[in-house]
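Here, each number is a calculation from the coordinates, and none is a lab measurement. Only a predicted model underlies this, so the values are computations on that prediction, with no experimental measurement involved.
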């Protein structure tokens, strides 16, 4: 007997959600804080239950996805000084 396919609404465990950025990371929207950064930042919302409880904030440099931080969705707005990332390195 074949297992049922996972539906697109089935929440991914956190590690699989992060790994999903390997494929088409630009499908995720810009982070609300994007205008405060010198480089583009995007967010992946994930978690269990009816509302995503975590945000993975990431940037894309050439063909590499850099996950800058993962934190609870309820946390305060991210500030540029909260992130230690230099896109020129």
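Worth pointing out:
- Relative contact order [Cα under 8 Å, 6+ residues apart], the stretch 14-75, whole percent: 24
- Computed extension length for residue 27-residue 72: 14.1 nm, one decimal, from 0.36 nm per residue of separation with the Cα-Cα distance subtracted.
- Rg [Å, one decimal], Dmax [Å, integer] - the stretch 14-75, C-alpha atoms: 11.3, 34
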